[in-house]
Amino acid sequence: MPDPRTVKDYIRTIADFPREGVMFRDVTTLFNDARGFRMAVDQMVHSFAGTRIDKVAGLEARGFILGGAVAHQLSVGFVPIRKKGKLPGPVISEEYELEYGAAIVEVHDDALQPGETVLLVDDLLATGGTAVARIKLIERLGGEIPGCAFIVDLPDLGGRARLEAMGLPVHSVCDFEGA
């Protein structure tokens, strides 16, 4: 008998983490299950079937796990986007706003060739702040973004609307209402 579970069924919710009132969507339980992980990666890849993709970009740490798997499935290269100070060699940086302050992400200045298409991949889309910072980095390198793929979308936080307003197709494997 086929397993009736969906990707969403493999994601654990932890109440009041990292602070009271937050419902944390933990994808490590998804990564821990071979069938669930494969299902999630397949759904992310399938959403962009027929789209030219030269590279996949992911943000540390869970975006590395997903992005590497998606890049492997697509037989393309992977571009790591990291927190400030973690990449050796020449980089370009982009600052973005967090709920309580700011952060900086960086990418190697030679990670892309102008005109390459880059699929953005990450585990979760909330407000879209980190995704927008990655988009700016890729665009500054001359890359084009055919879309973004996430495991979880938290639509109430507005990230999908923000990215779609920029003209980007957004695919999420599952949605969780509320924060």
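The values are calculated or read from the model by the stated rules, or taken from the named source; none is laboratory data. None of these values were measured; they are calculated from a predicted model. When we count neighbours, we look across all protein chains shown, and the Cβ atoms used for this are built from the backbone with ideal geometry, even at glycine.
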Query raised in the report: Could you list, in sequence order, the residues of region 72-120 that are under 25 Å from Ser172 (Cα atoms) and among the β-branched types (Val, Ile, Thr)?
Result: Val76, Val79, Ile81, Ile104, Val105, Val107, Thr117, Val118
Report task. Might you let me know whether region 26-41 holds any residue that is under 14 Å from the mean Cα position of the chain (by Cα), modelled with pLDDT of 95 or more and either over 21 Å from Val7 (Cα atoms) or part of a helix (DSSP H, G or I) (or both)? Result -> yes
Query raised in the report: Looking at (1) out of contact with any Ser or Thr (no Cβ under 8 Å at 6 or more places or on another chain); (2) modelled with pLDDT of 95 or more; (3) hydrophobic (A, V, I, L, M, F, W, C), can you tell me which one Cys174 breaks?
Result: (1)
Report summary line: With criteria (1) in contact with a helix residue (DSSP H, G or I) (Cβ under 7 Å, 6 or more places away or on another chain); (2) small (Gly, Ala, Ser); (3) without any contact (Cβ under 8 Å) to a residue 24 or more places away in the chain, Ala149 comes up short on (3)
Query raised in the report: Tally time: how many residues in region 48-76 are acidic (Asp, Glu) and within 12 Å of the chain's Cα centre (by Cα)?
Result: 1
Query raised in the report: What is the residue count in region 10-47 for residues that are touching a strand residue (DSSP E or B) at 6+ places or on another chain (Cβ under 6 Å) and not aliphatic (A, V, I, L, M)?
Result: 9
Query raised in the report: Can you spot a residue in region 77-88 that is under 11 Å from the mean Cα position of the chain (by Cα), hydrophobic (A, V, I, L, M, F, W, C) and over 14 Å from Leu163 (Cα atoms)?
Result: yes
Query raised in the report: Can you name every residue in region 148-179 that is part of a helix (DSSP H, G or I) and exposed (fewer than 14 other Cβ atoms within 10 Å of the Cβ)?
Result: Asp156, Ala161, Glu164, Ala165
Query raised in the report: So which residues in region 19-46 are over 21 Å from Leu154 (Cα atoms) and either surrounded by 18 or more Cβ atoms within 10 Å (Cβ to Cβ) or in contact (Cβ under 8 Å) with a residue 60 or more places away in the chain (or both), if there are any at all?
Result: none
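Look at region 1-18 and say how many of its residues are in contact (Cβ under 8 Å) with a residue 40 or more places away in the chain and surrounded by 14 or more Cβ atoms within 10 Å (Cβ to Cβ).
The initial filter retains those residues of region 1-18 that are in contact (Cβ under 8 Å) with a residue 40 or more places away in the chain, namely 6-8, 11, 13.
Next cut, surrounded by 14 or more Cβ atoms within 10 Å (Cβ to Cβ) only: 6-8, 11.
So the answer is 4.
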